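A quick write-up on the structure given underneath.
The values are calculated or read from the model by the stated rules, or taken from the named source; none is laboratory data. From a predicted model like this one, the values you see are computed outputs, not experimental measurements. Here the Cβ is made from the backbone with ideal geometry for all residues, glycine too, and neighbour counts use every protein chain on show.
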Amino acid sequence: MSLNPVIDMLGRRLRLAVIGGGTGSFIGAMHRQSARRDDRYQIVTGIFSSDQAKSKKDASELGFESDRMYHDAKALLDGEASRKDGIDAVAIMTPNDSHFDYSMWALERGIDVICDKPMTNTLAEAEALHKKVQETGLVFCLTHNYTGYPMVRQAKAMVEAGDLGTIRLVQVEYVQGGKADEEKTFSPDNWKFDPVRGGPSRVMGDIGTHAHNLTRFITGLEVDEVAAEVGAIVPKRIIHDFGGAMLRFSNGARGSFWVTQAAAGVENCLRIRVSGTKGSLEWMQEFPQALTFKPLKAPSQNRTPNGPGTLPLSARCTRLVAGHPEGFPDGFANIYSDAAEAIAARRAGKKADPLALYFPNSFDGLMGVRFVDSVIASSEANGQWTKC
């Protein structure tokens, strides 16, 4: 892999705009840092808040030129589309209810899109957005950053290589405690407590889509049916903080899925176990450098980034020498870097490295929203098995 394939193909870095993620935003800073990590993007403009004064202040502090300070997202996209040196891509990290509009506006103007999850709040929007991506041929990257972890990609490559045989069982959970405080049932200043802006199921849109995407990414399987329950564990809370489901997969495998943001004291425990006819794999986000492989007829093995047995898909995104931990920022940066190579290749009329094309796309986004929709429908039918 070249030191900077984007510059090799275009002779320059990609010009990137950001929408959302202003002062005080954890995820906004993560997006911007990840975009700059491998020197493949130059952030040239952005809208950081619906409050124009706050947005302009952030833009000024980031050093944007005065003629690239816009009053809203549509003005930014219009203005950049009319410039000879306009942006190549836009990164969207706004409340969920605006992902659809901003993404569609960008695609309509020939601008590639990097969007935070979930892709949209409704299935109809997800279907329309995926169709638009297909029609335009533009790159759409959804930042399910856990698929950028080296050992997650190692797991996927091992499944593809047949190391687990036929997948029979999957257990996945994503457990957080950030909304365990029973005094916090609603916050008028936080869109995440608003079921209109945050979507029909807060916990499913926020972390359920991550768990679902991780499952699909590693196994290569689609969830065919769910028997589910979603709701609020904290009394009087109007958003969902818990979801659980039994899963039936497209190949006949079975699985279990549960997510919550109301497990007091738990930090960020995303965990998956995949079992096949030849063995099992286990991975946990809080200890991301360890992938445990348990063959059917051999001792348990521990795989690590750049350690023995590292496969090309994992080696590509491993930044450090063996024995050094990698994690959340690295996974995010790997997604951004892969998307950059795909965008640059499209714009240069060249082919990207196939290993750069594993980032989540609009189809993955559509399947995530469809999964959320099916879980809600099943729950409303008292756990009835429901097609995805």
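Summary table
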read-out: Residues that are farther than 14 Å from Glu173 by Cα and surrounded by fewer than 19 Cβ atoms within 10 Å (Cβ to Cβ), drawn from the range 238-277; value: Ile238, Arg248, Ser250, Asn251, Gly252, Arg254, Ala264, Gly265, Thr277
read-out: Residue in the range 169-180 that is more than 16 Å from Pro118 (Cβ to Cβ), hydrophobic (A, V, I, L, M, F, W, C), modelled with pLDDT of 95 or more and touching a helix residue (DSSP H, G or I) at 6+ places or on another chain (Cβ under 7 Å) present; value: yes
read-out: So Ser337, is it surrounded by 21 or more Cβ atoms within 10 Å (Cβ to Cβ), touching a residue at least 40 places away in the same chain (Cβ under 8 Å) and closer than 30 Å to Leu138 by Cα; value: yes
read-out: Matching residues, the range 106-133, being more than 17 Å from Ala91 (Cβ to Cβ), in contact with a Phe, Trp or Tyr (Cβ under 8 Å, 6 or more places away or on another chain) and among the acidic types (Asp, Glu); value: Glu125
read-out: Every residue from the range 195-210 that is surrounded by fewer than 24 Cβ atoms within 10 Å (Cβ to Cβ) and out of contact with any helix residue (DSSP H, G or I) (no Cβ under 9 Å at 6 or more places or on another chain); value: Ile207
read-out: Within the range 126-151, considering residues that are among the β-branched types (Val, Ile, Thr) and buried (at least 24 other Cβ atoms within 10 Å of the Cβ), the one farthest from the chain's Cα centre (by Cα); value: Val139
read-out: Conditions (1) of a type in the set (S, T, N, Q); (2) surrounded by fewer than 22 Cβ atoms within 10 Å (Cβ to Cβ); (3) in contact (Cβ under 8 Å) with a residue 12 or more places away in the chain; (4) not assigned by TED's automatic domain parsing to the domain that holds Lys278; number of the one not met by Ser82; value: (3)
read-out: Within the range 360-378, considering residues that are buried (at least 24 other Cβ atoms within 10 Å of the Cβ) and of a type outside the set (A, V, I, L, M, F, W, C), the one nearest to Glu135 (Cα to Cα); value: Ser362
read-out: Output for the range 16-38, where each listed residue is of a type in the set (D, E, K, R) and touching a helix residue (DSSP H, G or I) at 6+ places or on another chain (Cβ under 8 Å); value: Arg37, Asp38
read-out: Selected residue (only one of Ala180, Ala155, Ala161 is touching a strand residue (DSSP E or B) at 6+ places or on another chain (Cβ under 6 Å) and among the small types (Gly, Ala, Ser)); value: Ala155
read-out: Of residues in the range 126-175 being assigned to a helix (DSSP H, G or I) and among the β-branched types (Val, Ile, Thr), the one nearest to Thr277 (Cα to Cα); value: Val159
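Table: residues versus (1) of a type in the set (D, E, K, R); (2) without any contact (Cβ under 8 Å) to a residue 24 or more places away in the chain; (3) outside the structural domain of Pro354 (by TED's automatic domain parsing); (4) touching a Phe, Trp or Tyr at 6+ places or on another chain (Cβ under 9 Å).
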| site | (1), (2), (3), (4) |
| --- | --- |
| Glu267 | yes, no, yes, no |
| Arg273 | yes, no, yes, yes |
| Glu282 | yes, yes, yes, yes |
| Ala290 | no, no, yes, yes |
| Lys297 | yes, yes, yes, no |
| Pro308 | no, yes, yes, no |
| Glu341 | yes, no, no, no |
